[in-house]
Structures are given as structure tokens and as C-alpha cells.
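A.B. asks: Attaching a single structure in C-alpha cells format; questions to follow.
The values are calculated or read from the model by the stated rules, or taken from the named source; none is laboratory data. These numbers were taken from a predicted model, which means no experiment stands behind them. Counting neighbours? That spans all protein chains shown, and the Cβs are built from the backbone with ideal geometry, glycine included.
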Amino acid sequence: MDARLEELLRLLDLERIEDNIFRGQSRDIGSPQVYGGQVLGQALRAAYATVEPDRQAHSLHAYFLRRGDVNAPIVYFVDRSRDGHSFTSRRVTAIQHGEQIFNLSASFQALQPGVEHQLVMPEVPPPETLPDSLALPAEQLVLLPEKIRRFYQRFRPFEFRLVNAVDWLDPKPAPAQQQMWFRTVDRLPADDVLHRSLLAYVSDYNLLNTATRPHALSHFRGNVMLASIDHAMWFHRAMRVDDWLLYIIDSPSASGARGFSRGSIFTRDGRLVASTAQEGLMRPVTELSRDS
């Protein structure tokens, strides 16, 4: 297996400290705090570790309370809220340095038959016809902050293919929409818990960035402060994150220094497998505020 993907799987492999208490390590991927998808994926794995194996995660709702420290482990406390006949509920609290940095509520369900319908996947170019969005040319890499440049050069367990390429170093006003293909850089075991946890991990990519597009803002340029406030996700159908998945994202609103985005994730053959929604801090940074 690719070493970058092995590193991510180790990141999601939590240490059991005690019944309902787990510890996960952190990784620095270039952001000023722990990447939100890391905490999402680890918290979901902690919840899964207390759930009967016949239950699948179908929804999660999370709040990011404080910046996570990339240099310290995170302890996850799981509250076994309810074990019902069909549904199981869990609450997870993430602790660093004695303070809550994140909490999550997740619901699990035993497989049940029922009626089905879904949105139709839009027509987009196939991933093979699009360039690797993380394979930046050397002249652009040298312009990135050192921590972010290190991520592009090393920590890339997923590959991304943007349908509408974005130049985050020199963005222009554009519709609040993004479409991108993604998958892991190597094959994975057929483990549904692993694939759902990795989907939670990667679902945080580009959600909030989509809300910045109409305003030509970019954290690469330092003209906006971005931080996730909350994150919701619904798992509709089984999927594999080592096969190409299409992420359709739009941002219906930005106001009060907050941006709101929502997403739909489809398999290549058009099955809607997950939906997401996120609101985050989106505070423009002026020269005056930067100097103050």
C-alpha cells in the first residue's frame, strides 16, 4: 500500500485507553489547527468501536469548539446514549489539554429495506480527462507557505481532479460552486467502517472554500480567515473511497462573517452515497486588521 495512505490509516487507528475512551494522534497538513476531517474521522471510528457490528453509520452532526493542536494527541470520550432495536446513538467528545475541542453526535442503523429515490448526478467530464489538482508546478509551489507546500509535496493520501480548476493563489470572482472527483491513492480493504470513516475525513475538503469563490478570497493569499464551525453528514448508500467519487458542492449563502456550503457525493455510476453541510467562519482580512 502507498506509504501516504498507510500513514492516514494509522492516524485513524485509535488506541483504546479504557471502556469508551480512545486516543488518536494528530498530523500537521499545513493548516494552523488540526484538520477538521481528521477529528471527524477519528471521532466516527471511536463511536464505531462501541457499536454492534451489524450497525452502519447513517448520519453525524459535529461542532468544532476550539482549534486543535497538531502537536498533541486527542482523547475521545464516547457516551453510549442509546442502543435501540433498529437505531444506535452515540455522542463523542474530543479533549486536548483538558478542554473540549469538538463534539459529535452519530446515529447508526441496522440494515433495513425500503423505498428509494435520489438526485440525478450531473454530467461532468470523467476524472481521466482532468489534471491532478494537487500536482502543482514548481513555480506555484514556491509561492505557498512552507507548511502548505509540505502538504502538497508529501501528505497526499487522496488525489483530486477539479472539474473547474481554481487558482487559489490568484482567484477571480466565480459562482459559489465546485465539482471534483476524488479517491485514495491506493486500494483499500473491503471494510465498510474504514470507507465511511475515510469519507468523513475527506468530506471536509473544499466545502468552506466554495463559499469564498464569489468574493475572490483565499487563505493562501492571507485575505480571509477560515475555520469550520459545524459539519453534518448523511451516509445514504455503501461506497468505496478507493474508487472515483464525484463531490458536487455549492454555497447558498454567506453572511455575518459565516459561509454555508452543502455537498452531494456520487459514485461514478451515478449513485448518491452521501450528503454534507457545513457552516464556517469566513472573515475577510484587510490590511488594517492584519496589522492590528
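A.B. asks: Would you check which residues across segment 228-249 are assigned to a strand (DSSP E or B) and either among the hydrophobic types (A, V, I, L, M, F, W, C) or closer than 21 Å to Phe158 by Cα (or both) and list them?
C.D. replies: Within segment 228-249, Ser228, Ile229, His231, Ala232, Met233, Trp234, Phe235, Leu245, Leu246, Tyr247, Ile248, Ile249 meet the criteria.
A.B. asks: Condition first: assigned to a helix (DSSP H, G or I) and crowded, with 24+ Cβ neighbours inside 10 Å. Now tell me which residues in segment 34-44 satisfy that.
C.D. replies: Answer for segment 34-44, where residues must be assigned to a helix (DSSP H, G or I) and crowded, with 24+ Cβ neighbours inside 10 Å: Gly36, Gln38, Val39, Leu40, Gly41, Gln42, Ala43, Leu44.
A.B. asks: Taking only segment 250-266 into account, find how many residues are assigned to a loop (DSSP other than H, G, I, E, B) and of a type in the set (Phe, Trp, Tyr). Lay out the reasoning, then the answer.
C.D. replies: Within segment 250-266, the subset assigned to a loop (DSSP other than H, G, I, E, B) is 256-257.
Add one more test, that the residue is of a type in the set (Phe, Trp, Tyr), and what stays is none.
Of the residues in segment 250-266, 0 are assigned to a loop (DSSP other than H, G, I, E, B) and of a type in the set (Phe, Trp, Tyr).
A.B. asks: Here's something else I'd like to know. Could you list, ordered by first residue, the pairs with Cβ atoms under 7 Å in which the first is in segment 267-279 and assigned to a strand (DSSP E or B) and the second is at pLDDT below 95 and among the aliphatic types (A, V, I, L, M), at least 6 apart or interchain?
C.D. replies: Thr276/Leu207; Gln278/Leu207; Gln278/Leu208
A.B. asks: Follow-up. When you go through Ile95, Ile101, Ile74, Ile17 one by one, which is the residue that is in contact with a strand residue (DSSP E or B) (Cβ under 6 Å, 6 or more places away or on another chain), modelled with pLDDT of 95 or more and exposed (fewer than 15 other Cβ atoms within 10 Å of the Cβ)?
C.D. replies: Only one candidate qualifies: Ile17.
A.B. asks: Looking for whichever is under 17 Å from the mean Cα position of the chain (by Cα), surrounded by fewer than 18 Cβ atoms within 10 Å (Cβ to Cβ) and of a type in the set (D, E, K, R) here; the options are Asp69, Asp2, Asp28. Which one fits?
C.D. replies: Asp28
A.B. asks: Can I ask one more? Select from segment 120-143 the residues that are at pLDDT 85 or above and assigned to a loop (DSSP other than H, G, I, E, B) and list them in ascending order.
C.D. replies: Val120, Met121, Pro122, Glu123, Val124, Pro125, Pro126, Leu130, Pro131
A.B. asks: Inside segment 194-235, can you point out the residues that are closer than 22 Å to Asp167 by Cβ and touching a His at 6+ places or on another chain (Cβ under 6 Å)?
C.D. replies: If the condition is that a residue be closer than 22 Å to Asp167 by Cβ and touching a His at 6+ places or on another chain (Cβ under 6 Å), then Leu226 is the only one that fits.
A.B. asks: Does any residue in segment 124-141 that is of a type in the set (Asp, Glu) come within less than 8 Å, Cβ to Cβ, of a residue that is at pLDDT 65 or above six or more places away or on a different chain, and which pairs are these?
C.D. replies: Matching pairs, first to second residue: Asp132/Glu159; Asp132/Phe160; Asp132/Arg161.
A.B. asks: Of the residues Leu226, Leu198, Leu194, which is surrounded by fewer than 22 Cβ atoms within 10 Å (Cβ to Cβ) and over 26 Å from Pro252 (Cβ atoms)?
C.D. replies: It is Leu194.
A.B. asks: Looking at segment 198-252, which of its residues are touching a Leu at 6+ places or on another chain (Cβ under 8 Å), at pLDDT below 95 and aliphatic (A, V, I, L, M)?
C.D. replies: Leu208, Val224, Met225, Leu226, Ala227 - these are the residues of segment 198-252 that are touching a Leu at 6+ places or on another chain (Cβ under 8 Å), at pLDDT below 95 and aliphatic (A, V, I, L, M).
A.B. asks: Still on this model: What tally of residues in segment 247-270 results from selecting those that are surrounded by fewer than 23 Cβ atoms within 10 Å (Cβ to Cβ) and either over 22 Å from Ala106 (Cβ atoms) or polar (S, T, N, Q) (or both)?
C.D. replies: Within segment 247-270, residues that are surrounded by fewer than 23 Cβ atoms within 10 Å (Cβ to Cβ) and either over 22 Å from Ala106 (Cβ atoms) or polar (S, T, N, Q) (or both) number 14.
A.B. asks: Tell me which residues, restricted to segment 48-71, are over 21 Å from Leu208 (Cα atoms), outside any strand (DSSP E or B) and touching a residue at least 60 places away in the same chain (Cβ under 8 Å). Explain how you work it out, then say what you get.
C.D. replies: Going through segment 48-71, the residues over 21 Å from Leu208 (Cα atoms) turn out to be 48-58, 71.
From the residues that got through so far, the ones that are outside any strand (DSSP E or B) too are 48-54, 71.
Answer for segment 48-71, where residues must be over 21 Å from Leu208 (Cα atoms), outside any strand (DSSP E or B) and touching a residue at least 60 places away in the same chain (Cβ under 8 Å): just Tyr48.
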